[in-house]
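To start, the structure itself, in structure tokens.
The values are calculated or read from the model by the stated rules, or taken from the named source; none is laboratory data. Predicted, not measured: the structure shown is a model, and the values here were computed from it. Positions of Cβ are generated from backbone atoms using ideal geometry, with glycine treated the same way; all protein chains shown enter the neighbour counts. Heavy atoms of the whole protein, side chains included, go into the accessibility calculation; ligands, DNA and RNA do not. Shrake-Rupley method; radii C 1.70, N 1.55, O 1.52, S 1.80 Å.
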Amino acid sequence: MTQVIRSFVVAPQWIGDAVMSEPLLARLAARGEQLTVGALPWVAPVYRAMPQVHEVIELPFAHGRLDWAGRKRLASDLRGRFDAAYVLPNSIKAALIPFMARIARRVGYHGEGRYGLLNERLPNPQGRPPMVAFYSALAGDASDSASADERPRLRLSDETLVAATDAAELRRAAYWVFAPGAEYGPAKCWPATHYAELARSLHAAHGLPVLLLGSAKELALCESIAALAPGACRILAGKTSLHDAMALIAASRGVVSNDSGLMHVAAAFGVPQVAVFGSTSPEPTPPLNPQPKVVWLQHEIGLECSPCFDRTCRFGHTRCLVEVTPQRVEAALRQSVA
């Protein structure tokens, strides 16, 4: 009888990164590893939508805090349960629990200089590597390099989708989703006026509502969009859990978003989508959908500052986003849905 390898995965803290780690977990599960993921509460629902994950442990740590005592307690609880650990974040903090839990094999990137904490370290890559390949390399099987069509996949049951749409009084594939925010900063955000114009046009053409999803931090942004598109939008930002937001995305007719975590969620469900890029590049972190529609004007308008990867536009004009017209995004959405 083959012995089961019990593996503990320390998850990244951002939703998009969590989604892009799915191909790694699929590889590990395919070779017989039983996976337990340690994830912060706001990304844990992403891992619960991965069938290859055996268990999700929510990490009780505040963002940015060491919480040494809490890490020691959790490490003590995990001791003796696992044969291997994969540490996806590059921080020293992320490597502490597997080390203190005395997990024999501890794999990750060199990161912040994690000598001793990890005993299998990959060199830090140069530049901004494609994130799926970045995580998949931790599987360590050079003979099974990432295939060109390897992409993240999330799954929720039909019952889950029905429950989410019924609770929101919606019908499956009879509404649009906009995710107009971005955790990283406003330089990633397509203008609210453009979202509103697109919402008015879609609602006039189809009579279908537009859901505005995001965190509570994005409520004011969503309210401004809804105010500019009377009767077209329903604001759910800050009013749904990530689990329910994921289900509403999976059951939607199509999604329009910035470069954000919810963009990657939509891609992983294979939902028709348009992703608008501005200050960032789709090259390292594209929406890995079978047929994504990406709108990025870098080569068309010749902005030397794009991509800048800044949180706010250093010149104050955000031309890389302002010049993406609602008509262009609507045309791309129609092509994606067709």
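Name, by its number, the condition in (1) over 24 Å from Pro284 (Cα atoms); (2) aliphatic (A, V, I, L, M); (3) in contact with a helix residue (DSSP H, G or I) (Cβ under 8 Å, 6 or more places away or on another chain) that does not hold for Ala30.
(3)
Going through Ser224, Ser257, Ser241, Ser279 one at a time, which residue ends up being farther than 20 Å from Val19 by Cβ and either at pLDDT 95 or above or open to solvent by 40 Å² or more (accessible area, probe 1.4 Å) (or both)?
Step by step, each of Ser224, Ser257, Ser241, Ser279 is checked, and only Ser224 is farther than 20 Å from Val19 by Cβ and either at pLDDT 95 or above or open to solvent by 40 Å² or more (accessible area, probe 1.4 Å) (or both).
Restricting attention to helices (runs of 4 or more DSSP H) lying wholly within the stretch 220-338, give those where 1 or more residues are under 21 Å from Leu170 (Cβ atoms).
Of the helices (runs of 4 or more DSSP H) lying wholly inside the stretch 220-338, those with at least 1 residues that are under 21 Å from Leu170 (Cβ atoms) span 242-250, 261-268, 326-337.
Quick one: which of Pro180, Pro129, Pro186 is closer than 28 Å to Ala49 by Cβ and touching a Cys at 6+ places or on another chain (Cβ under 9 Å)?
After ruling out the rest, the residue left standing is Pro180.
Write out, first by first residue and then by second, each pair whose Cβ atoms fall under 9 Å of each other, whose residues are 6+ apart or on separate chains, and whose first residue, in the stretch 14-26, is touching a residue at least 60 places away in the same chain (Cβ under 8 Å) and over 13 Å from Phe134 (Cα atoms) while the second is acidic (Asp, Glu) and not in a helix (DSSP H, G or I).
From residues that are touching a residue at least 60 places away in the same chain (Cβ under 8 Å) and over 13 Å from Phe134 (Cα atoms), the pairs are Trp14/Glu183; Ile15/Glu183; Gly16/Glu183; Gly16/Asp259; Ala26/Glu150.
Restricting attention to the stretch 82-89, does a residue exist that is more than 19 Å from Glu22 (Cβ to Cβ) and modelled with pLDDT of 95 or more?
yes
Looking at the stretch 46-63, I want the residues that are hydrophobic (A, V, I, L, M, F, W, C) and have a partner that is part of a helix (DSSP H, G or I) and open to solvent by 80 Å² or more (accessible area, probe 1.4 Å) with Cβ atoms under 6 Å, at least 6 apart or on another chain. Which pairs are those?
Going by the 6 Å Cβ cut-off, the qualifying pairs are Val56/Arg48.
Matching residues to (1) touching a helix residue (DSSP H, G or I) at 6+ places or on another chain (Cβ under 6 Å); (2) of a type outside the set (Ser, Thr, Tyr); (3) modelled with pLDDT of 95 or more; (4) over 24 Å from Glu169 (Cα atoms):
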{"residue": "Tyr184", "(1), (2), (3), (4)": "no, no, no, yes"}
{"residue": "Ala187", "(1), (2), (3), (4)": "no, yes, no, yes"}
{"residue": "Ala199", "(1), (2), (3), (4)": "no, yes, yes, no"}
{"residue": "Ala204", "(1), (2), (3), (4)": "no, yes, yes, no"}
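Would you pick out the residues in the stretch 175-203 that are among the small types (Gly, Ala, Ser), open to solvent by less than 10 Å² (accessible area, probe 1.4 Å) and over 19 Å from Gly316 (Cα atoms)?
Those that are among the small types (Gly, Ala, Ser), open to solvent by less than 10 Å² (accessible area, probe 1.4 Å) and over 19 Å from Gly316 (Cα atoms): Ala179, Ala196, Ala199.
When the stretch 119-141 is examined, which residues are found to be at pLDDT 95 or above, of a type in the set (A, V, I, L, M) and more than 22 Å from Gly32 (Cα to Cα)?
Residue satisfying the conditions is Leu122 alone.
Within the stretch 208-219, can you find the residues that are in contact (Cβ under 8 Å) with a residue 24 or more places away in the chain and either part of a helix (DSSP H, G or I) or not polar (S, T, N, Q) (or both)?
Leu208, Pro209, Val210, Leu211, Leu212, Leu213, Gly214, Lys217, Glu218, listed by residue number.
Which one is least open to solvent (accessible area, probe 1.4 Å) among residues in the stretch 285-328 that are without any contact (Cβ under 8 Å) to a residue 40 or more places away in the chain and among the β-branched types (Val, Ile, Thr)?
Top of the filtered list is Val295.
Restricting to the stretch 204-221, what's the tally of residues that are out of contact with any strand residue (DSSP E or B) (no Cβ under 7 Å at 6 or more places or on another chain) and either more than 18 Å from Pro186 (Cβ to Cβ) or open to solvent by 60 Å² or more (accessible area, probe 1.4 Å) (or both)?
Count: 7.
Among (1) of a type in the set (Val, Ile, Thr); (2) under 15 Å from Pro191 (Cα atoms); (3) touching a strand residue (DSSP E or B) at 6+ places or on another chain (Cβ under 9 Å), there is one condition Val337 misses while meeting the rest; what is its number?
(2) is the only condition that Val337 fails.
Out of everything in the stretch 1-58 that is open to solvent by less than 10 Å² (accessible area, probe 1.4 Å) and of a type in the set (Ser, Thr, Tyr), what residue ends up being farthest from Asp259 (Cα to Cα)?
Looking at the filtered set, the residue picked out is Ser7.
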